[in-house]
1. Considering only residues of segment 11-30 that are closer than 16 Å to residue 69 by Cα and assigned to a loop (DSSP other than H, G, I, E, B), which is farthest from the chain's Cα centre (by Cα)?
2. Do you know which residues across segment 1-19 are touching a residue at least 24 places away in the same chain (Cβ under 8 Å) and buried (at least 16 other Cβ atoms within 10 Å of the Cβ)?
3. Restricting to segment 67-93, and then to whatever is among the aliphatic types (A, V, I, L, M) and modelled with pLDDT of 90 or more, can you tell me which residue is farthest from residue 31 (Cα to Cα)?
4. Please enumerate the residues belonging to segment 113-135 that are in a helix (DSSP H, G or I), loosely packed, with under 11 Cβ neighbours inside 10 Å and more than 33 Å from the chain's Cα centre (by Cα).
5. Out of all the residues in segment 60-112, which are loosely packed, with under 10 Cβ neighbours inside 10 Å and outside any helix (DSSP H, G or I)?
6. Considering only segment 33-53, state which residues are exposed (fewer than 15 other Cβ atoms within 10 Å of the Cβ), within 17 Å of residue 10 (Cα to Cα) and either in the same structural domain as residue 84 (by TED's automatic domain parsing) or of a type outside the set (D, E, K, R) (or both).
7. Within segment 32-44, can one find any residue that is more than 21 Å from the chain's Cα centre (by Cα), over 26 Å from residue 88 (Cα atoms), in a helix (DSSP H, G or I) and modelled with pLDDT of 90 or more?
8. Which residue pairs have Cβ atoms under 7 Å apart, sit 6 or more places apart or on different chains, and have a first residue in segment 97-114 that is assigned by TED's automatic domain parsing to the domain that holds residue 130 and a second that is aliphatic (A, V, I, L, M)?
Amino acid sequence: MRILDIGEVARQSGVPPSTLRYYEEIGLIRSLSRHGLRRQFDADVLLKLSLVELGKTAGFSLAEIAGMFREDGRPDIPRDRLHARADDLQRQILDLRMLRNALRHVAECPAPTHLECPTFRKLLKAATRRRTTRQTVGPRRRGSPQPGG
């Protein structure tokens with residue numbers, strides 16, 4: 001078993017020592033011991049830190065990420081939550097694509113004013129419709145009933 005001190009873990013992972021101490025405080029990672037004042041970690045902590053970063057990038061909270069590990073520290077990732085998050089990301093991608101296209105159209109629209117442009121007006125109506133639908137229906141989860149069905 002290879003042991004790394006907190007400075008080496010910080011250097012290899014890019015995670016600051018203060019964040020490593022916080023992660024240990026909330027139970028995301030565990031140090032093995034201390035050498036003087038320096039925490040010592042098993043080298044496997046680097047993999048766990050990569051999983052934490054992936055979870056954060058995917059939009060999971062630290063509490064949600066902590067819940068994806070067993071008591072012994074091994075991953076126990078619920079696939080249904082990953083599917084639900086992937087569905088959420090897909091909706092965000094579609095929304096962002098629509099926003100990108102709208103911005104490009106507005107930037108290049110030849111109409112004298114944007115309010116005179118029929119395409120711009122359709123984009124505004126679509127944006128309003130999506131916002132009100134999201135507020136009344138809420139985000140759908142995988143396996144949840146579809147609206148109106």
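The values are calculated or read from the model by the stated rules, or taken from the named source; none is laboratory data. Everything quoted here is computed from the prediction, not taken from an experiment. Using ideal geometry, Cβ is built from the backbone for each residue, glycine included, and neighbour counts are taken over all protein chains shown.
1. Applying the first criterion (closer than 16 Å to residue 69 by Cα) to segment 11-30 yields 23-30.
Narrowing the set further to residues that are assigned to a loop (DSSP other than H, G, I, E, B) leaves 26-30.
Working: 26: 19, 27: 20, 28: 17, 29: 19, 30: 23 Å.
By that ranking, first place goes to 30.
2. Residues of segment 1-19 that are touching a residue at least 24 places away in the same chain (Cβ under 8 Å), as a first pass: 1-7, 9, 12-13, 15.
Those that are touching a residue at least 24 places away in the same chain (Cβ under 8 Å) and buried (at least 16 other Cβ atoms within 10 Å of the Cβ): 4, 5, 6, 9, 13, 15.
3. 93
4. Residues satisfying the conditions are 115, 116, 118.
5. Result: 70, 71, 72, 74, 110, 112.
6. Hits for segment 33-53 are 33, 35, 37, 43, 47, 50.
7. Within segment 32-44, the first condition is being more than 21 Å from the chain's Cα centre (by Cα), and the residues that meet it are 32-44.
The next check asks that each one be over 26 Å from residue 88 (Cα atoms); those that pass are 32-44.
Next, from what is left, pick out any that are in a helix (DSSP H, G or I): none.
Within segment 32-44, not a single residue is more than 21 Å from the chain's Cα centre (by Cα), over 26 Å from residue 88 (Cα atoms), in a helix (DSSP H, G or I) and modelled with pLDDT of 90 or more.
8. Pairs found: 102/123; 105/123; 114/106.
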